Amino acid sequence: MTSELVTSSHLKRKAVIYIRQSTPNQVLTNQESLRLQYALRDRALALGWQDGDIAVIDRDLGRSGASTDARAGFRDLVGQVTLGEIGLILSIEVTRLSRNCTDWYPLLDLCGYTGCLIADRDGIYDPGTPNGRLLLGLKGTISEMELYTIRSRLQAGLLNKAKRGELAMSLPVGLTRDPIGRVILTADSEAQARLRLVFSAFLERRSVGKVVRLFCAEGLTLPRRADCTGILWKAPTEAAVLQVLKNPAYAGAFVYGRHRVSRRLTASGRPAIEAVPRAEWKIMIKDIYPAYITWETFEKIEAILTDNHARYSEKPNRGIPRDGSALLHGIAWCGKCGRKMFVVYHQRTQYFCSNLKRMPGMPRCQTVLTDPVDAAVTEAFFAAVAPAELEAWEQAQSAARQAEDALRRAATQQVERLRYQVTLAERQYNGVDPDNRLVAGELERRWEVALRALREAEQALAVRAAPLAADDQKIVALRRNFALVARRLPDLWQDARLKNAQKKALLRCLIDKVVLDRMSPELTVARIIWQGGEDTTLHIDTSAVALRGLSDPEAMARRVAELARADTDLTDQEIAAILTSEGFRSPSQQDHVIPSTVKVFRQNQRILRRTERNPYTRAKSGWITVAKIAQHLKVSPSCIYKYIYSGSISVLFDPVRKLYLFPDTPETISLFERFRAKELPSLDFTDNSRK
C-alpha cells in the first residue's frame with residue numbers, strides 16, 4: 001500500500017508512530033485499541049519505510065490530550081519535527097495527537113514548513129497543501145468540540161445526580177457509608193466524641209488556636225482519614241481543626257461546588273484550588289447526612305470564624321478578643337476618617353489612627369488614651385445590663401463543668417483505645433514464631449511503644465480525675481461573694497479571675513462598635529453603637545499625655561514665670577498649689593498640678609532655683625573612689641570597672657552615695673600596682689569596715 005504523497009525525501013527521514021490513551025484505566029482495559037495503535041508499524045512498512053527507520057513514541061499513555069501538560073512524548077515529537085528528522089507521523093486518529101487547537105495548529109505549521117506528512121486510519125495528509133491543512137484543521141476542531149461535548153455530557157449527569165443528593169462525594173472522618181451506600185456515623189465512638197468536642201470547645205473558646213492549645217495541653221489527638229475506611233489519630237493542628245469546623249457535612253448538608261479551579265498557578269505550575277463563598281455554592285441540600293451539629297450552629301461557627309479574621313486594611317471585622325489591656329480593641333473606630341483604629345502599647349496605651357496622613361498635606365487623624373475611654377464605655381455597659389443579675393455566671397460555671405466532663409470522657413476513651421492497641425500488639429507478638437527474630441523484634445518494639453503511650457495517657461487521666469480542691473474552694477468563695485453583693489456585674493469585673501479577653505467578649509455581646517472623635521486635647525466624644533442599632537453618646541475628659549497636649553500651655557507657662565519671678569522663695573510645691581487653685585492641671589492629672597510640671601516650665605524659661613545639698617555628699621572621709629584610683633594608676637576608670645564586674649576585684653557598693661569605695665591608704669594603691677603588674681591574681685576589699 002503506497003501513496004503518491006510519500007516521496008523519497010520523506011523516506012529518507014523517520015516515520016514516528018504516536019500512541020496515547022487518555023486515562024490509566026483505558027490503558028488497562030482497552031487493550032484492543034492499544035494493539036491497533038502498535039500495529040501501525042505494519043502500515044509504515046507498507047508505505048516504504050525500513051524497520052530501523054520506524055520509531056514509536058508511547059510515553060504519553062494515560063495522559064489526556066486536552067493540553068500538553070505532562071505530555072513529554074508530544075513535546076519530544078514537536079522537537080523532532082522542528083529539526084526536520086521526521087517524514088511521517090502516524091496515529092490511529094489525529095485526536096490522539098491533540099484535542100486542543102492551540103497545540104494542534106502550531107504542529108500543522110511546523111509539519112507544513114518541514115515537509116512532514118500526517119497519517120491516520122482514514123488516509124495521509126500533507127499539512128503544506130491547502131486541502132491537507134483544511135482537512136486536518138477540520139478534524140482538530142471537531143476533536144476539540146468532541147472533548148467539550150463529552151465533558152458537558154458527563155457534567156450534566158453528575159449535576160443531575162448531585163441535585164438529588166445521591167452523588168457519592170468524599171466523606172470527612174466521622175462519616176462513612178454502609179454496604180448499600182447510605183451515609184452513617186462512624187462506628188468508632190471515640191472519633192464521634194472527639195469531633196463533638198472540637199465543636200463544643202470552639203463554641204466555648206471562640207478561637208481555633210485556643211482549641212489546638214487545649215487539645216495539646218490535654219494530650220488529645222484528632223481523628224484523620226487514613227484511607228477509604230480507616231482512621232488515623234494525629235496531633236491537632238489549626239488546619240485540621242478548620243477542616244472540621246468549615247465542613248458542612250458535619251451539619252448534615254450535602255454540598256457540591258465548595259471549591260473551584262483558579263487561574264492562579266501553584267509552585268508546581270498547576271492551577272490552584274480555591275474555596276468558594278457559601279452564596280456561590282452550586283448545590284446545597286440540608287438534612288441529607290446524620291449531623292454532629294445543627295445548621296444554625298454551623299452558621300454561628302462560620303460567623304465567628306469570619307469575625308475572627310481581622311485585617312485592618314482589607315476587612316472591617318472585629319477580630320478575636322485578646323488579652324491586651326485595651327478593651328475596645330477591634331471595635332474602636334475613628335470618628336474623623338471612618339476606619340478602624342489601631343492600639344499602640346507604648347508607655348501609655350492609646351487608640352491610634354493615621355489613615356488621613358496617607359493623603360498629601362493631611363495630618364494624622366487622632367490619638368486617644370485608652371484608660372478614660374475604656375472606663376467610660378464600661379460604665380455605660382454596666383448601666384445597660386444593670387437590671388440583670390448574674391445568673392449567667394452560674395450558667396457559665398455549669399458550661400465549664402460540662403466542658404471538663406467532655407475532656408475527661410475524651411481522655412478516658414483515648415485510654416481505652418490505647419489499651420486495645422496494647423492488647424493487639426501483645427497478641428501479635430505472642431503469635432509470631434520466636435525463631436523469626438526480625439519480625440519478633442519489630443513486634444516487641446511496637447508493643448513497648450504502645451505500652452509507653454498507654455502509661456502517659458493513664459497518668460494524664462489520673463491528673464485530670466484528681467479533685468481540684470483549691471479551685472473548688474475558690475469557686476465556692478467567689479459564689480459566696482456574688483451572693484453578698486447581689487451578684488452584680490461590676491464586682492465580677494474587678495475579680496482577677498476575669499481576664500481581659502473575657503471582658504472584651506462581654507462588651508461585644510452588647511456593643512457593636514465605638515466611634516471616637518477627639519474634639520479637643522481634653523475632650524473626646526465616644527458614640528457607642530449597640531447591637532440592636534441604638535446609640536449612646538459620651539463626653540469623656542481625656543487627659544493630656546504631654547505639656548503640649550494641655551488646653552493652654554502658654555498661659556500656664558506665663559503664670560509660672562510670674563509667680564517664680566515675683567517671689568524667689570516660693571518652692572515648686574507652693575507654685576503648684578497656687579496653679580491648682582486657679583484651675584490649671586498637669587498632663588495625665590484630672591484636677592491638680594504636680595511640682596514636676598512647674599519645674600519643667602520654670603527651667604524652660606531659664607528661671608533657676610538653688611537646691612538643697614544632699615546630706616550625703618559624694619566624698620567620704622577615709623575612703624577613695626574608682627576615679628581617684630584610676631588617676632593614681634594613670635588608667636581609665638572603665639578598666640577598673642571591668643575587673644570589678646568580672647569579679648577579679650571584690651569591693652562593697654555604697655548604696656547611699658552609689659559608689660564603689662576603697663580604703664584611702666598607701667596599701668590600697670600598692671595592691672592595685674601589684675595587681676596591674678600581674679603579681680596578684682585578684683583583689684578583695686570586702687573585709688574592710690564601712691563605718
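Nothing in this text is a laboratory measurement; each read-out follows from the coordinates by a stated rule. Keep in mind the model is a prediction, meaning the values are calculated, not measured. With ideal geometry, Cβ positions are generated from the backbone for all residues, glycine too; neighbour counts draw on all protein chains shown.
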**OP:** For Lys620, list the lysines whose Cα falls under 30 Å from its own Cα; do not include residues on the same chain fewer than 8 positions away.
**Re:** Lys628, Lys634, Lys642, Lys658, Lys678, Lys691
Subject >> Burial ranking of peptide ranges 111-117, 57-63 (average Cβ count within 10 Å, highest at the top) >> reply: 111-117, 57-63
Original post:
Taking the Cβ-Cβ separation of Ser152 and Asp541 as r and a Förster radius of 60 Å, what is the calculated FRET efficiency to the nearest 0.05?
Top reply: 0.30
**OP:** Specify which residue in the list Leu110, Ala156, Ala406 is farthest towards the positive end of the charge dipole of the chain, using unit charges on the beta carbon of Lys, Arg (+1) and Asp, Glu (-1), about the Cα centre.
**Re:** Leu110
Original post:
How large is log10 I(q)/I(0) at q = 0.21, 0.25 Å⁻¹ when the Debye formula is applied to the Cα atoms of the stretch 93-169, each weighted equally and without solvent?
Top reply: -0.86, -1.10
Original post:
If only Cα atoms are counted, what is the Rg of the stretch 1-139, and what is its Dmax, in Å?
Top reply: 14.0, 41
Original post:
Given the pairs Lys340/Lys499; Lys246/Lys300; Lys163/Lys286, which span a C-alpha to C-alpha distance of over 18 angstrom in this model?
Top reply: Lys340/Lys499
**OP:** Compute the relative contact order of the chain as a whole-number percentage, counting only Cα pairs closer than 8 Å that sit 6 or more residues apart in sequence.
**Re:** 6
Original post:
Can you give the FRET efficiency for Trp493 and Arg205, using 1/(1 + (r/R0)^6), R0 = 22 Å, r = Cβ-Cβ distance, to the nearest 0.05?
Top reply: 0.60
**OP:** Return an integer: the convex hull volume of the alpha-carbon atoms of the stretch 623-684, in Å³ per residue.
**Re:** 77
Original post:
Hey, got a sec? Which trypsin sites (Lys or Arg not before Pro) in the stretch 250-302 land in a DSSP loop and have at most 13 other Cβ atoms within 10 Å?
Top reply: Lys282
Original post:
Where a ≥ b ≥ c are the square roots of the eigenvalues of the C-alpha gyration tensor, would you call the stretch 138-230 rounded, which needs a/c under 1.5, or, failing that, prolate if a/b is larger than b/c, or oblate?
Top reply: prolate
Original post:
Could you put Trp333, Trp295 in order, starting from the residue whose Cβ has the fewest other Cβ atoms within 10 Å?
Top reply: Trp295, Trp333
**OP:** Towards the positive end of the charge dipole of the chain, with charges on Cβ (+1 Lys, Arg; -1 Asp, Glu), say which of Gly52, Thr542, Leu242 has the farthest Cα.
**Re:** Thr542
Subject >> Computed magnitude of the charge dipole of the chain (debye, nearest 20; Cβ of K, R +1, Cβ of D, E -1) >> reply: 1140
Original post:
What percent antiparallel are the DSSP beta bridges of the chain, to the nearest 5?
Top reply: 70
Subject >> Label selected from (1) 11, 22, 26, 23, 12, 4, 0; (2) 19, 55, 25, 1; (3) 15, 39, 26, 12, 7, 1, 0, the criterion being P(r) over Cα pairs in 20 Å bins from 0, in percent as computed here >> reply: (1)
Subject >> Value of [θ]222 nm, deg cm²/dmol, for the chain, DSSP H segments ≥ 4, -39500 (n - 2.57) each, nearest 500 >> reply: -14500 deg cm²/dmol
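In debye, nearest 20: dipole of the stretch 241-284 around its Cα centre with unit charges on the Cβ of K, R (+) and D, E (-)? Display every interim value, and only then the final one.
Numbers: 8 positive and 2 negative charges, 27 e Å.
Taking the Cα centre of the stretch 241-284 as origin, the dipole is about 120 debye.
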Original post:
If you place +1 on the Cβ of every Lys and Arg, -1 on the Cβ of every Asp and Glu, and leave all else neutral, what size is the dipole of the stretch 623-684 about its Cα centre, to the nearest 20 Debye?
Top reply: 260
Subject >> Residue range of the chain that is longest and free of GluC sites (Glu not before Pro) which are both DSSP loop and sparsely packed (at most 16 other C-beta within 10 Å) >> reply: 167-313
Subject >> Full-extension gain in nm, Thr141 to Ser636, via 0.36 nm per residue minus C-alpha separation >> reply: 169.1 nm
**OP:** Sticking with the crude label model, points 7 Å out along Cα→Cβ, report the distance from Phe382 to Glu448 in nm, one decimal please.
**Re:** 6.3
**OP:** Apply 1/(1 + (r/R0)^6) to the Cβ-Cβ distance of Thr29 and Asp287, taking R0 = 45 Å, and write down the FRET efficiency to the nearest 0.05.
**Re:** 0.70
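Can you sort Trp49, Trp493 from fewest to most other Cβ atoms within 10 Å of each residue's own Cβ?
Trp493, Trp49
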Original post:
Fewest to most neighbouring Cβ within 10 Å: what's the order for His539, His592?
Top reply: His539, His592
